[in-house]
Amino acid sequence: MQPTKEHWVLTFICADKKGIVHAISGVVAEVGGNITESQQYASMDTGRFFMRLQIEAEISKQDFEQQFEAIAERFQMEYVLDFVARPMRVLVLASKAGHCLNDLLYRQRSGQLPIEIPKVFANHNDLSGLATFYGVEFESMQIETSVDKASFEKKLSEFIHARDVELIVLARYMQILSPEFCKEFQGKIINIHHSFLPGFKGANPYAQAHARGVKIIGATAHFVTQELDEGPIVEQNVTRVEHSNTVAQLVSIGQDAESKTLTQAVKWFAEHRVLQDGARTVIFR
């Protein structure tokens, strides 16, 4: 009986030094493994080295990690070793707009996204039917005061730790998270917003854009930090629009861009293709 092959994805960040790739290739060869995908990047700005590999071998992940630990310690690496295509546990926060949530739930069910959504939390009950349609648990809580927000975030934090949630996605969640919550889960929260910011803040950005005759609209997915809308960008998309487009048409075009952009960002994160380099991101597509 032949040993079962395992397929892992390894990502790491460390100071850029000579010999890193040689050392990695050496340990893979020692265990009789094969590198099926490899990407790397050396940042001239921060002096850090980034790498993503997919490795196939006939030893267990635990045994490989024991072999790899010496290299990780030698180069002081921050690394993650995971199974390729393992569904990542993702918590989704929503409000009333359902386009982004619907896209995530549909692509999860159809197998297009390597994620598992155990539950959707919201500050309104409008999308409960949508979650039920896809067989996902839903819970809402009205947030009107700072006490409400603290209580809601406490419930979120408890759920995240209890269910080992790996990513929190704000699918048009129209509440500002507290600095404490942002700090606790820094690097694990992705938000989506229209790319009009900061030009068209507040209510009805598409109506504002229509009144100003914009020619391009789009969306930005970024990590959430304590500074509002200042986190590292993961993905962006833009679409050209015409003077003849109505506000309703702009909304439809914009929502398509938001859904596409957020889903792509989530997919890359779940596949361990997103690494942070200070205020920027390294994306291994």
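Before moving on, here are some points about what is shown:
- Test: ALA70 is within 20 Å of LEU10 (Cβ to Cβ) and surrounded by fewer than 16 Cβ atoms within 10 Å (Cβ to Cβ): yes
- When ALA207, ALA171 are checked against the criterion of being farther than 20 Å from VAL234 by Cβ and either over 23 Å from the mean Cα position of the chain (by Cα) or assigned by TED's automatic domain parsing to the domain that holds GLN276 (or both), ALA207 stands alone in meeting it.
- Listed by first and then second residue, the pairs with beta-carbon distance under 7 Å, at least 6 apart or on different chains, first residue in segment 181-192 and over 7 Å from PHE223 (Cα atoms) and of a type outside the set (A, V, I, L, M, F, W, C), second at pLDDT 95 or above and part of a helix (DSSP H, G or I), are GLU184/SER157.
- Search result, residues across segment 85-111 that are touching a residue at least 40 places away in the same chain (Cβ under 8 Å) and among the polar types (S, T, N, Q): SER95, ASN102
Residue by residue, here is whether (1) modelled with pLDDT under 95; (2) among the charged types (D, E, K, R); (3) in a helix (DSSP H, G or I) holds:
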| residue | (1), (2), (3) |
| --- | --- |
| ASN191 | no, no, no |
| TYR206 | yes, no, yes |
| ALA209 | yes, no, yes |
| THR225 | yes, no, no |
| THR281 | no, no, no |
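- Selected residue (only one of ASP82, ASP45, ASP63, ASP148 is charged (D, E, K, R), loosely packed, with under 15 Cβ neighbours inside 10 Å and touching a residue at least 40 places away in the same chain (Cβ under 8 Å)): ASP45
- Segment 125-140, residues that are outside any helix (DSSP H, G or I) and surrounded by fewer than 16 Cβ atoms within 10 Å (Cβ to Cβ): ASN125, ASP126, GLY135, GLU137, GLU139
- Residue list for segment 153-168, filter: surrounded by 13 or more Cβ atoms within 10 Å (Cβ to Cβ), acidic (Asp, Glu) and within 16 Å of the chain's Cα centre (by Cα): GLU166
- Segment 69-100, subset of a type in the set (D, E, K, R) and over 22 Å from the mean Cα position of the chain (by Cα), residue nearest to ILE20 (Cα to Cα): ARG74
The values are calculated or read from the model by the stated rules, or taken from the named source; none is laboratory data. What you are looking at is a predicted structure, and each value in this text was computed from that prediction instead of being measured. Virtual Cβ from ideal backbone geometry, glycine too; neighbours counted across all protein chains shown.
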